[in-house]
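Since every read-out is calculated from the coordinates, none of them should be taken as a lab result. What you are looking at is a predicted structure, and each value in this text was computed from that prediction instead of being measured. When we count neighbours, we look across all protein chains shown, and the Cβ atoms used for this are built from the backbone with ideal geometry, even at glycine.
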Ligand code: CP
Ligand code: NVA
C-alpha cells in the first residue's frame, strides 16, 4: 500500500484523483475484511471544538480496529481553551502522538496546525470543508453505481462545508455536480474557482436557484442541514428562502429513476428532507454513515502505517 504523501488532509483538494481512488479501493477492502493493519502504539489525537457523533466515534472505532489508540484532547480542559497558541500546541502534540483529527470553525486554524506540526493533520470538519465525509460519500456512490462516469450528483440547500468539499471531490474525479441553492447561500466562491481550475470541463459545476433544474436527471441527490453548527441564527432568519429546496416526493420526480438519496446527518426532518424520503428505499443515508468508519480506517492506515 502506498502511503499518503503529503499526509495532511486539510482540504479534499489536498488529494489528487489517484489518491482519492486509492483511498476508496482500500476502504472497500477494509469493509470486506480483505486486509488488516497493525497500528500498535500509534495514537490519534482528537480535538473537537464542535459537537460530533459520526466523525468522533468513527475515528475512535477505526483506531481501535487498527490496533491503535485515540486520545480526546478536550479544548475546554486543556490549555487550548485558555488560549495557548496553536503553534505551541501543534509542536508539543507532534512529540507525543502520531496524528491529529481536528474539528473547528476556521479553516485557517487547521492550516496553522499543519504549518507547525510534524505529524499528519486531518480535517474532521471546519466551516469551509468536511473532506473525510465526502470520501465516505464517494465510496457510497461507487458502491451503488460501480463507477463515477456519467453520474450526476445534485446537492440541494445551503452552500456550506459539505457542498464545498463535494464540489471539489466531484471536480477532482470528473463528476458532474449541480448545486441548487438560494442566491444568497451559494457555496464558497474560492472553492468554485478552485474546482473549475481542477477540471477541463467548465460546465462540470452548475449552480442554480431553481431546485427542479438542479435535480433533473440526477443519480445522486444530497442534502444537509440549512443551519450548520455555529451559523444557526444566520440561517434561521432566512429559513423561508430554503423551503423550495426541501428534498420531498415532488422534487425527486425530476431525478433519474435509479437515483439515491444521501445526507451526511444529522438530519432535520421536515426541513431539508422529509421523513418519507430519508426512510425511503432510495435512501442510502445509513450506508453512507457506516462508510465513515471504513474510510476513516483507510485514511489512518495510509497516513500511519
Ligand atoms: N456527518 C458528520 O460529520 O456527523 P457528526 O457531526 O455527527 O460527526
Ligand atoms: N454542515 C453541517 C455538517 C454536519 C456534519 C455542519 O457544519 O454543522
Worksheet, complete the sentence: Rounded to the nearest 10, the angle in degrees between the Cα long axis of helix 17-31 and the longest principal axis of the Cα atoms of the chain comes to 80
Practice prompt. Order these peptides, 102-109, 15-22, by their mean beta-carbon neighbour count within 10 angstrom, highest first.
Written response: 102-109, 15-22
Item to complete: Mind giving me the FRET efficiency for residue 36 and residue 183? R0 is 51 Å, r the Cβ-Cβ distance, nearest 0.05 is fine.
Response: 0.55
Worksheet item: Taking 0.36 nm per intervening residue step and subtracting the Cα-Cα distance, what contour gain separates residue 287 from residue 19 on full extension?
Response: 94.2 nm
Practice prompt. Can you bin the range 165-305 into rounded, prolate or oblate? Criterion: square roots of the alpha carbon gyration tensor eigenvalues sorted a ≥ b ≥ c, rounded for a/c under 1.5, prolate for a/b above b/c, oblate for the rest.
Written response: rounded
Worksheet item: In what order do 63, 1 fall by count of nearby beta-carbon atoms within 10 Å, going from fewest to most?
Response: 1, 63
Worksheet item: For helix 54-65, what angle does its Cα long axis make with the longest principal axis of the chain, in degrees from 0 to 90 and rounded to 10?
Response: 50
Discussion item. Neighbour counts of other C-beta atoms within 10 Å: give me 153, 220, 92 arranged from fewest to most.
Written reply: 92, 153, 220
Worksheet item: Hey, fewest Cβ within 10 Å first, where do 268, 155 land in order?
Response: 268, 155
Worksheet item: What value, in deg cm²/dmol to 500, does the helix sum -39500 (n - 2.57) over DSSP H runs of n ≥ 4 give at 222 nm once divided by the residues of the chain?
Response: -12000 deg cm²/dmol
Discussion item. What do you get for the angle between helix 86-96 and the principal long axis of the chain? Use alpha-carbon atoms, 0 to 90 degrees, nearest ten.
Written reply: 60
Fill in: Pairwise label distance in nanometres, residue 213 with residue 257, each label 7 Å out on the Cα-Cβ vector
2.7
Worksheet item: Using the beta-carbon distance between residue 147 and residue 232 and R0 = 35 Å, what value does 1/(1 + (r/R0)^6) give for FRET efficiency, to the nearest 0.05?
Response: 0.35
Practice prompt. Under 14 Å from a label point 7 Å along Cα→Cβ of residue 305: give me every residue in the range 3-47 with its amide N that close.
Written response: 3-5, 22-40
Worksheet, complete the sentence: Reduced to Cα centres, the span from the range 213-258 to the range 24-89 in Å works out to 31
Worksheet item: At a Förster distance of 22 Å, what's the computed FRET efficiency of residue 91 paired with residue 51, Cβ-Cβ distance as r, to 0.05?
Response: 0.20
Worksheet entry | Potential lengthening between residue 71 and residue 118 on full extension [0.36 nm per residue; Cα-Cα distance subtracted] | 15.1 nm
